[in-house]
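Heads up, the thing below is written out as C-alpha cells.
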Amino acid sequence: MSSRLEIRSSPHIKGVSSVETIMKNVVWSLLPICAFYVFQYGISALATLVVVTASCLLADRLFARLGGQSGDIGDWSATITGLLLALTIPPGFPLWMGFVIGFVAIALGKALFGGLGRNVFNPALVGRAFGQAAFPTAIATYTPSFMPGRFTEFIPSSLAMPFMTPADTSAWIAAAKLDAWAGATPLAKWKFETVLAPAIDLLTSIGGNLAVGPAPILIVLCGLYLAARRFLDWRIPVATLIGAALTGYVVYLLNPARYPDPVFVLLSGGLVLGAVYMATDMATSPVTPRGVWVYGGLIGFLTVIIRYFSGLPEGVMYSILIANAATPLIERVTQPRPFGTASLGKRKGRAVYPLLPAEPVDVAGREKDKK
Amino acid sequence: MSASVTQSWDELTEGLWRQNPTFVMVLGMCPTLAVTVSGVNALAMGIATTLVLIFSCLLVSLMRNIVPGEVRIATYIVIIATFVTVVDYLIQAISLELYDALGAFIQLIVVNCIILGRAEAHASKTPPIPAMLNAVGMGAGFTLGLLSLGIVREILGAGKLFGITLFGESFQPWVVMVLPPGGFFVLGGWLLIFAWWARRKEAGGAQS
C-alpha cells in the first residue's frame, strides 16, 4: 500500500564512500604528517595545528548556523582545511594570526560560496593567501627545525599578544648556535643566496636544521594510501610533479649555472604537500579525465615560473589558486567525446546532420533550401 | 500637518536605512572602496559628496519645470560639476593634506551615480524642500557607509581611529586592509551583516 513510484535523477548506483568517509580518511592520512611536523618543531607546531583547526571549526559552525548552510561538523572538511592551513604556515606564526587566517579561510573560501562542495578555491589556500596579503613579514619568517628545546619552549613569535607584532626570532635563533641554514627556507636560500640544500635532507626533512615542512617522502606515502583507496585522483599529483619537473628541467638546461636541477624543484618548498593534498581537493579540481592532466601540469608549470621569475620564493599557493580559477574552463575544453559520435556538432562522412547537433535539425527543411 | 511631517521624515530617513546608497543600492562604489583607508578620509569624502548632493538636488528641483527633457542629463552634469568645483577648491583651502589624500576622487564626485541618480530619479520630480531633505538623508547614509568602512580599515590597517593610536607602538598592521582588496573584504563583510540583519527583521516581522 505504501509503495510508490519514486522518480529520481541519476546516479542510481552509488559507491560506498560518502563525503564523510573520504574526509575522515584524509584526516587520518594527515595525522602522521602532523605528528612529524610536531616532531620537527615541537609545541609551537602543536599549538599552531590546534589553534588554526579550532578556528576553522568555529567559523564553520558559525556560518552553518547563521546562513543555514548544509554542512555538519561530522563531515570533517573544516578539520582538513585547518590542518592543511596549519601545515602551510611557518611553525612560529603568531597564534592570533593563525586564528584570523583560519577564520578567513572558512568564511571567505567556503561559507561565502555556499558551503562544502560549492567553493571555487581551496579554502586552506584562500586563508593562506589572506595571511600572505595581511601579514607578509610574519608568514615569511621561518625558524629552523629540530631546535634543542622545542618540546619545552615556544618559538618566541608564536605567543605574540593579539594585534601585536610578534617578537623578533633572529636573536633566539642566534642563541641556539646553529649552522648557516637557520632561519630561511631552502627555496629562499637558493633564491636570494644561490645555495642549494642537499637532496637527501630535503627528501627526509631530518638533517641540518632545515626550515622545511614535513618530509616529502612521508607525504607521498600518505598520498599513496589515499590514492590506493581511490580517495584522491592520482593523476593530479603526478601531473603536477611532472609539470614542475619538466619546466624545471627545461630552465635548468637553458642555464645550469643559474637554476637548480629538477630534483631540488620537486623536493623543496610545499610542492609535494600542495600536489598531494591541496591540488586534489575534489570541489576545486576538474572532473574530466584529460582535464586533470592539464590542471596538474598547469600547477607545476606555474609553480616553477613563479619561483624563478617573481619576487616570491615559493609559488605553489598562487599556482593552485590560479588553476582552481581555471578549472571550469579546463573542464569545458576537455569534455570527453560521447561514445560513437564525431567531434561535437560536426557532420561525419555523408551524414545529413551531425550526430550531436547543437540544435534540432530539420532535415526536410534543409533539403528544401538546397533546391 | 502631521501627514506632511511624516512624509518629510520619510524623505529624510529613506537614504539612511531603507535605500542606503552603500548597503542597499550599492552605488558610488569607486570612492567607497578607494578613499576609505582612514576614518578622516572617509568622513571628508562623505561630507563633500553630501554637500554636492544637497545643492545639486536643490538646483535640479528648482529648474525641473524649465529644463527640456532632451537635455536634462547634460544640465544635471553641468550643475553637479559646478558644485564639485566649489567643493574641490573648498577642500584645497581647508586642508591641503586631505586634498592630496583624496586626490582625483574629489573631482570624480561628478560621476558619482548617487548624485546623478538622485537628480534624475527624485529631485527632477519633487519640490525643492523634500528634494533637499532626501538629499540630506542620502548624503548622511553615504557618509555612514564610508565611515563604517573607513573605521574598520583604519583600525585593522593602522591600529588607529581618526588618527589616534589605539594599540600602542607594537601594533601589527594588517597590510591588506589599506590595499584595495581590503576595501572589498570590509565592504563584503558589512553587506553580509546588513543583509543578515534585514533578513532577520523580515522573518521577525512575518511571524508577529
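The values are calculated or read from the model by the stated rules, or taken from the named source; none is laboratory data. This structure is a prediction, so every number in the text was calculated from the model and none was measured. Ideal geometry is used to build each Cβ from the backbone, glycine not excepted, and the neighbour counts take in all protein chains shown. We work out accessible area using only protein heavy atoms, side chains counted, and drop any ligands, DNA or RNA first. Shrake-Rupley method; radii C 1.70, N 1.55, O 1.52, S 1.80 Å.
Tabulated values for the structure
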{"item": "Enumeration of residues in region A:139-171 that are of a type in the set (Ser, Thr, Tyr), touching a Ser or Thr at 6+ places or on another chain (Cβ under 6 Å) and within 14 Å of another protein chain (Cβ to nearest Cβ)", "result": "A:SER157, A:SER158, A:THR165"}
{"item": "Matching residues in region B:27-57 - criterion: being more than 12 Å from the chain's Cα centre (by Cα) and surrounded by fewer than 23 Cβ atoms within 10 Å (Cβ to Cβ)", "result": "B:ALA34, B:VAL37, B:SER38, B:VAL40, B:ASN41, B:PHE55"}
{"item": "Pick from region B:182-208, criterion away from every other protein chain (no Cβ under 13 Å) and charged (D, E, K, R), ranking: least open to solvent (accessible area, probe 1.4 Å)", "result": "B:LYS201"}
{"item": "Region B:138-148, residues that are open to solvent by 10 Å² or more (accessible area, probe 1.4 Å) and more than 14 Å from B:PHE184 (Cα to Cα)", "result": "B:ALA140, B:THR143, B:LEU144, B:LEU147"}
{"item": "Elements of type helices (runs of 4 or more DSSP H) in region A:165-244, at least 3 residues being touching a Leu at 6+ places or on another chain (Cβ under 7 Å) and under 25 Å from A:THR48 (Cβ atoms)", "result": "A:199-204, A:216-228"}
{"item": "Count - residues of region A:80-102 that are β-branched (Val, Ile, Thr) and farther than 15 Å from A:PRO214 by Cα", "result": "4"}
{"item": "Residues within region B:149-168 that are open to solvent by 20 Å² or more (accessible area, probe 1.4 Å) and either away from chain A (no Cβ under 12 Å) or not aromatic (Phe, Trp, Tyr) (or both), tallied", "result": "13"}
{"item": "Residue satisfying condition, being β-branched (Val, Ile, Thr), in a helix (DSSP H, G or I) and either open to solvent by less than 10 Å² (accessible area, probe 1.4 Å) or free of Cβ contacts under 8 Å to residues at least 24 places away in the same chain (or both), within set A:THR303, A:THR247, A:THR284", "result": "A:THR303"}
{"item": "Close pairs (6 angstrom Cβ cut-off, 6 or more residues apart or separate chains): within 7 Å of chain A (Cβ to nearest Cβ) in region B:169-181, open to solvent by 60 Å² or more (accessible area, probe 1.4 Å) and among the β-branched types (Val, Ile, Thr) anywhere", "result": "B:SER170/A:THR165; B:GLN172/A:THR165"}
{"item": "Filtered residues of region A:94-110 (kept if part of a helix (DSSP H, G or I) and away from chain B (no Cβ under 12 Å))", "result": "A:LEU95, A:GLY98, A:PHE99, A:GLY102, A:ALA105, A:ILE106, A:GLY109"}
{"item": "Residue that is farthest from A:TYR41 (Cα to Cα) [pool: residues in region A:139-164 that are open to solvent by less than 40 Å² (accessible area, probe 1.4 Å) and in a helix (DSSP H, G or I)]", "result": "A:ILE139"}
{"item": "Evaluation of B:THR6 against (1) over 25 Å from B:ILE91 (Cα atoms); (2) part of a helix (DSSP H, G or I); (3) touching a residue at least 60 places away in the same chain (Cβ under 8 Å) (one fails), failing number", "result": "(3)"}
{"item": "Test: residue in region A:28-51 that is open to solvent by 40 Å² or more (accessible area, probe 1.4 Å) and outside any helix (DSSP H, G or I)", "result": "no"}
{"item": "Boolean, A:ALA86 is touching a Pro at 6+ places or on another chain (Cβ under 8 Å), more than 14 Å from chain B (Cβ to nearest Cβ), at pLDDT 90 or above and within 18 Å of A:ALA138 (Cα to Cα)", "result": "no"}
{"item": "Residues satisfying the stated conditions in region A:111-138, i.e. surrounded by 21 or more Cβ atoms within 10 Å (Cβ to Cβ), part of a loop (DSSP other than H, G, I, E, B) and within 10 Å of another protein chain (Cβ to nearest Cβ)", "result": "A:PHE135"}
